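Below is one structure, written out as structure tokens; comments come after it.
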Amino acid sequence: YVQYQHTNDNMNIGTAGAQRLRIDSDGLKFGSDTAAANALDDYEEGSWTPTLPNGGTVTVRTATYTKVGRHVMAYMYCLFAPTNNSSNFNIGGLPYAVVNNSNYYGGGSLSYSGTEDTSSFSDPLQYYNANYIYFHYLTGSSAVVQNSQFGGRTIALIIQVHYETAA
């Protein structure tokens, strides 16, 4: 059945006499759920531009994202040439800032690094209330990977990240 209630601008869709979907001013809700907090009210796809905020150049092969509600999934295949300095190796430009919660760090995967040995790198992390990706070393310390790790070389990276945003 399809039911449209003009008085409060709700649309209910169902099968076999049971409500399966509801669209109202809060967004899309499933089943018989009516809670505003559970509504899907945003979906977006697009491209983004990775940057090196601590110096260097980026050649973007592809960089895309999908946002469903507050969850962001971003992908990139880029060539990075970080400036050979002691700044942290940060990849900036994420399409949305990470939620502002000091106990939250987004995650992801580094699936290709060309000829660069990244075996001592953590998976990519996203810092809370910021829009960049960074890496720790997996060497028994909490050290963050720095631009000098690459000695001015150009490196190819394929990275996927997923995180929550406030928007």
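The values are calculated or read from the model by the stated rules, or taken from the named source; none is laboratory data. Since the model is a prediction, treat every value here as computed from it, not as a measurement. As a convention, Cβ positions derive from the backbone with ideal geometry for all residues, glycine included, and neighbour counts pool all protein chains shown. Just the protein is used for accessible areas: all its heavy atoms, side chains included, with ligands, DNA and RNA removed. Shrake-Rupley method; radii C 1.70, N 1.55, O 1.52, S 1.80 Å.
Quick notes on this one:
- Cα-centre dipole for segment 1-146 with unit charges at Cβ (Lys and Arg positive, Asp and Glu negative), debye to 20: 60
- Were the residues from Ala130 through Thr154 laid out at 0.36 nm apart, the gain over their Cα-Cα distance would be 6.1 nm.
- Surface exposure of the chain, expressed per residue as accessible area with a 1.4 Å probe, stands at 53 Å².
- Computing FRET efficiency as 1/(1 + (r/R0)^6) for Asp123 and Thr15, where r is the C-beta to C-beta distance and R0 is 45 Å, gives about 0.65.
- The label point for Ser113 and the one for His162, both projected 7 Å from the Cα toward the Cβ, are 2.2 nm apart.
- Gain upon complete extension [Ser32, Ser102; 0.36 nm per residue less C-alpha separation]: 21.7 nm
- Contact order relative to length of the chain, as percent, for alpha carbon pairs under 8 angstrom and 6 or more apart: 21
- Note on segment 96-167: Kirkwood radius taken over Cα pairs, Stokes-Einstein applied at 10 °C and 1.306 mPa s, translational D equal to 121 µm² s⁻¹.
- Here the chain is treated as a sphere whose radius is the Kirkwood value from Cα pairs; by Stokes-Einstein at 25 °C and 0.890 mPa s it diffuses with a coefficient of 136 µm²/s.
- Carbon + sulfur, % of accessible area of the chain - ligands and nucleic acids excluded, 1.4 Å: 49
- The chymotrypsin sites (Phe, Trp or Tyr not before Pro) of segment 1-102 that DSSP puts in a loop, and whose beta carbon has at most 13 other beta carbons within 10 Å, are Tyr1.
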